[in-house]
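Structure record follows, encoded as C-alpha cells.
The values are calculated or read from the model by the stated rules, or taken from the named source; none is laboratory data. Quick caveat: nothing in here was measured; it's all calculated off a predicted structure. Note that we place each Cβ from the backbone using ideal geometry, even for glycine, and neighbour counts take in every protein chain shown. Heads up: the accessible areas ignore ligands, DNA and RNA and are worked out on the full protein's heavy atoms, side chains in. Shrake-Rupley method; radii C 1.70, N 1.55, O 1.52, S 1.80 Å.
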Amino acid sequence: MKKYIFILVTFVLIICACSSPQRGMDSPVNAVNIDVKNNEELDFKKCFDSVKYVALETTKEILIGEITKMFVTNEHIIIFDQKSMEIFLFGIDGKFTRRIGKKGEGPDEYMFINDIQFDKENMLIFAHERFRNCIYTYDLSGNLVDKTQKSLISFNSFFKTKEGLWVYSCFSDQNQEYYNLTLLTSNLQSVRKQFFPQKEFVNVTFSPTFVSDEHGRVFFYYPSSNVVYEISGTDVIPYLQVDFGEKTMPYDKIIEMDNKEEYDKLLSGKTYLGDISRCFINKNRIFFSFIESGLGIVHSYNCFYNIKSKKGYVFNNPFMASVKYPISTQLLYSTDTMLIYPVYPSIFTDDSLTELSKSLSADIQFDSNVILAICSLKK
C-alpha cells in the first residue's frame, strides 16, 4: 500500500511541476552581457542596403505628438500617439486616411487610450480605454464594433491572445499581491494566471510592455527585470536575459521595497544600468533600449542582440552615421527584412527642408509630422 501511495504522490508532483507557470524561469533561451564602455555608432552602411522615406501627411488637424506604437501592412500605416491619445490611419504612401474612434464622453466614445494592438488577420484594432478600464475594438473604417465589460484589474498595457487578455498592471485595484503580469479571461472578469509579484509598485512604466513579431510570437518585458519573456499559451518563459554586470539594477531589492522614496534613494546612491524598453524582435535580432541612471545622470542607449552570432551591440549615437538625412536611432517598427526609424523635420535647417521637400515631392516644414525611414536590412 505504501508503495502505491509513493508512486501516486510522485506522479502528482511530476504533473504539478510540468504545469507550473514558473517553468523555465531560470533558463533564458538567450543571454547577453552588456558593457556600455564598448559602445559604437550605428552606421547605416554596415546594417542596411537601402532606405525609402515616407512623409506622413500634415494638416492643422493631423499633428502627431509622438509615435508610441506603429503597425504596417501592405496598404496601411497605423499610428498610436499616446500623448494625444489618438489613433491615426495613413495609406502606405503617407497620405492621411482617418482617425480611428472618436474622443469624447459619450457611451461609444473614448476619453483616454493608453495602449493598442493590431490584429492583422482580422484587420481590427484593440484599444484600452483607461478611464472605463475596458477594451474597445475598431475596424479600419473607424467604427466601434465591440466593447468589453469593465476589467476586474486596472492595467496599463495589454495583449490579446486566444487564451485571454494578458495585462501589465501597476495598480493595486483587485491586485493586492502586486502582480506585474496577469492573464485574464477574454471577458476581463476572471484571473487565469498571475506572475511576478512585488511588495509595492515603486517602479512603473506607462509605455507598452508587450511586443509581437511577424510570426505570431508574443513577448513581455517590465521595469522590475532585465529579462524579456516569451508568452507561450498560458506559460511565461525567459527569452533574453540582459546582464550589465556590477552596474545591473538590483531588482531583487527593488521588488521588496516598501515605497517610492526607498527606490529613489537607491537610484541616487550609485549609477545603474537597466530599465529595458522599446523592445522589438525579428527572426535574427532582438532590439531594445535601456538607460543609465543615478547620481543625477540619465543616459539612454539602443542595443541589439544577434541571435545567430550570440553577440550584443550597443549604440550611443542619436542619429545614424553614413546617411544623407539625420535618421534617429530610436526604432519604431521591425520585420525580418526591414526596420523603420523616424526623421524629425524640426531639426533641419531651412535649406535642408527645401531640399528634402523636393526629394520627397512634399511640402515639409519644421513642424511637419515625422518622416518614416524604411531601412532594408542586409542579409
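Protein-only accessible surface at a 1.4 angstrom probe places the residues 378, 103, 308 in the order 308, 103, 378, largest first. Taking the three principal axes of the alpha carbon atoms in the range 239-323, the coordinate ranges are 43, 29, 20 Å, sorted in descending order. The length gained by stretching the chain between residue 243 and residue 204 to full extension, at 0.36 nm per residue less their Cα-Cα distance, is 12.0 nm. For a paramagnetic label modelled on residue 189 (point 7 Å from Cα along Cα→Cβ), amide N atoms under 20 Å away belong, within the range 122-155, to 129, 132-137, 146-155. Modelled spin labels at residue 139 and residue 258, positioned 7 Å past Cα toward Cβ, are 5.6 nm from each other. Estimated from helices alone, the mean residue ellipticity of the chain at 222 nm is -3500 deg cm²/dmol (sum of -39500 (n - 2.57) over DSSP H runs with n ≥ 4, per residue).
For the range 98-109, the Karplus equation 6.51 cos²θ - 1.76 cosθ + 1.60, evaluated at θ = phi - 60°, returns couplings of 5, 7, 9, x, 10, 7, x, 10, x, x, 10, 9 Hz by residue, with Gly and Pro reported as x. Distance between the 7 Å Cα→Cβ label points at residue 60 and residue 84: 1.4 nm. Find the percent of Cα-Cα distances in the range 55-145 that exceed 17 Å, and round it to a whole number. Result for the distance tail: 44 percent.
By the Kirkwood approach, averaging reciprocal distances over each pair of separate Cα atoms, the range 111-213 gets a hydrodynamic radius of 13.9 Å. By a straight-distance test (C-alpha under 21 Å), which lysines pair with residue 253 as possible cross-link partners, with residues fewer than eight away in the same chain excluded? Filter leaves 199, 265, 270.
Taking a Cβ cut-off of under 11 Å around residue 99, the surrounding Lys, Arg, Asp and Glu residues balance to a net charge of 0, with basic ones at +1 and acidic ones at -1. With θ taken as phi - 60° and the Karplus curve 6.51 cos²θ - 1.76 cosθ + 1.60 applied, the whole-hertz 3J(HN,Hα) list for the range 142-155 is x, 7, 7, 9, 6, 8, 7, 6, 4, 5, 4, 10, 6, 8 Hz, x standing for glycine and proline.
Computed from the Cβ-Cβ distance with R0 of 30 Å, the FRET efficiency linking residue 31 to residue 74 stands at 0.25. Considering only 178, 207, 165, the residue lying farthest towards the positive end of the dipole of the range 163-217 is 178, judged by Cα position with unit charges set on Cβ.
Subtracting the Cα-Cα distance of residue 103 and residue 299 from 0.36 nm times their residue separation leaves 67.0 nm of extension gain.
Averaged over its residues, the chain has an accessible area of 50 Å² per residue, based on protein heavy atoms and a 1.4 Å probe.
Summing charges over all other residues whose Cβ lies under 10 Å from the Cβ of residue 226, with Lys and Arg as +1 and Asp and Glu as -1, gives -2.
Rg then Dmax, both in Å and based on the Cα atoms of the chain: 22.3, 90.
The listed peptides 173-180, 225-232, ordered by packing as a protection proxy, come out as 225-232, 173-180 (highest mean of other Cβ atoms within 10 Å first). As a size descriptor, the averaged projected area of the C-alpha convex hull of the range 132-192 was calculated at 4.2 nm². Straight-line cross-link reach from residue 308 at under 22 Å between alpha-carbon atoms covers these lysines, not counting any fewer than eight positions away in the same chain: 45, 46, 283, 378, 379. Within the range 56-94, whose backbone N sits under 14 Å from a point 7 Å along Cα→Cβ of residue 131? The answer is 85-86, whose backbone nitrogens lie closer than 14 Å to the label point.
With Rh defined as the Kirkwood radius, the inverse of the mean 1/r over Cα pairs, the Rg/Rh of the range 261-308 is 1.14. Look at the alpha carbon pairs under 8 Å that are at least 6 residues apart: their mean separation over the length of the chain gives a relative contact order of 17 percent.
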